[in-house]
Amino acid sequence: MILVTGAGGKTGKAVLKALVARGTAVRAFVRSAAHHAALKAIGVHDVEVGEMDDPHAWSQAIRGTSAVYHICPNVSPHELPFAEGLIVAAATHGIRRFVYHSVLHPQIEAMPHHWAKLRVEEMLFGSAFDVTILQPTAYMQNSLAEWDHMAGDGIYRVPYPVETKLSLVDLDDVAEAAALVLTGNGHSGATYELVGTRPMSQIEIAETFGRALHRAVRAEAEPVEAWTERARSAAMGDYQLETLAKMFQAYARDGLKGNPNVLGWLLKRPPTSLAAFAARMAAAHA
């Protein structure tokens, strides 16, 4: 049985869905029982509810499992202590296999949430686990926050210059890769960058969505201050606001550039292109 932590979010659900499709026994660890219905709908019936800072909750969740896929809540200020608690529980219960959901280029200190994941990787390298690290780039799915603006107004807003180049990946490809690594052999000690596209400017990204929508879509740079006000009005916390603002500044300076070769090797097929993803989303919204 494989324990998937942070299972209430979009990444956790995608990984669980991919594991269930392979007939793998899974257990989901979530913060709230409100996730039960959504998890049951994708075939997950073993659900543990608890907080990641609760040693007893970790112990209950990990008991009887053989492997862990750890996803920390997105942009959490507690990335390190949450991981420390899980590592202690996993070691106590004799877990050998530990796969960690990190991020592309965690070495970038200017992005605090990336840097925190590097520190967790370091902890795992010093452990006795059979460790694999997955480092996905930004999800294509993140662009869907702008879907209505693209479809209705022909505008794709981003809080950095439109010339900024990012490599993207389809979350479904990430989940498939995670399932392969968790259920297959030969991945011990590996660190895999999960990248689906070459670096693309926001202009290219907008145009790709435009072709799928059969309308002109242009990229528009939104001031970080304007993005911050919208996010604050949606009740985003101060740490998340500050950390994401730093990420946008790092994107503006350097982009986030990767290479799709590793993911293609893992999947034994080309990763999903942005054009294919955009077409899939357009069909789903039709």
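The values are calculated or read from the model by the stated rules, or taken from the named source; none is laboratory data. Worth saying up front: this structure is predicted, and the values here are computed from it rather than measured. Note that each Cβ is placed from the backbone with ideal geometry, even for glycine, and that neighbours are counted across all protein chains shown. When the accessible area is computed, the model is the full protein with side chains, heavy atoms only, and any ligands, DNA or RNA have been set aside. Shrake-Rupley method; radii C 1.70, N 1.55, O 1.52, S 1.80 Å.
Looking at W115, W147, which is the one that is modelled with pLDDT of 95 or more, out of contact with any strand residue (DSSP E or B) (no Cβ under 6 Å at 6 or more places or on another chain) and within 25 Å of A89 (Cβ to Cβ)? Reasoning before the result, please.
Working: W147 fails: within 25 Å of A89 (Cβ to Cβ).
After ruling out the rest, the residue left standing is W115.
Which one is most open to solvent (accessible area, probe 1.4 Å), of the residues in segment 214-246 that are over 30 Å from A283 (Cβ atoms) and touching a helix residue (DSSP H, G or I) at 6+ places or on another chain (Cβ under 7 Å)?
If we filter segment 214-246 for residues that are over 30 Å from A283 (Cβ atoms), which is where we start, we get 223-226, 228-229, 232-233, 235-246.
Of the ones still in play, those that are also touching a helix residue (DSSP H, G or I) at 6+ places or on another chain (Cβ under 7 Å) are 224, 228, 232, 241, 243, 245-246.
Working: V224: 35, T228: 24, R232: 113, L241: 8, T243: 3, A245: 16, K246: 77 Å².
Out of the qualifying residues, it is R232.
Do you know which residues across segment 229-239 are of a type outside the set (D, E, K, R) and outside any loop (DSSP other than H, G, I, E, B)?
Narrowing segment 229-239 to residues of a type outside the set (D, E, K, R): 231, 233-237, 239.
Selection gives A231, S233, Y239.
Can you name the residue in segment 121-166 that is of a type in the set (F, W, Y) and farther than 16 Å from L256 by Cα and, of all such residues, is surrounded by the most Cβ atoms within 10 Å (Cβ to Cβ)? Walk me through it before giving the result.
Within segment 121-166, the first condition is being of a type in the set (F, W, Y), and the residues that meet it are 125, 129, 139, 147, 156, 160.
Cutting the leftovers down to farther than 16 Å from L256 by Cα gives us 125, 129, 147, 156.
Working: F125: 12, F129: 20, W147: 15, Y156: 23.
Per the criteria, the residue is Y156.
Before we move on, is V44 among the aliphatic types (A, V, I, L, M), open to solvent by less than 40 Å² (accessible area, probe 1.4 Å), touching a residue at least 12 places away in the same chain (Cβ under 8 Å) and in a loop (DSSP other than H, G, I, E, B)?
The answer is yes for V44.
Being open to solvent by less than 60 Å² (accessible area, probe 1.4 Å), out of contact with any helix residue (DSSP H, G or I) (no Cβ under 9 Å at 6 or more places or on another chain) and in contact (Cβ under 8 Å) with a residue 12 or more places away in the chain is true for just one of S102, S32, S59. Which residue is that?
Being open to solvent by less than 60 Å² (accessible area, probe 1.4 Å), out of contact with any helix residue (DSSP H, G or I) (no Cβ under 9 Å at 6 or more places or on another chain) and in contact (Cβ under 8 Å) with a residue 12 or more places away in the chain holds for just one of S102, S32, S59, which is S32.
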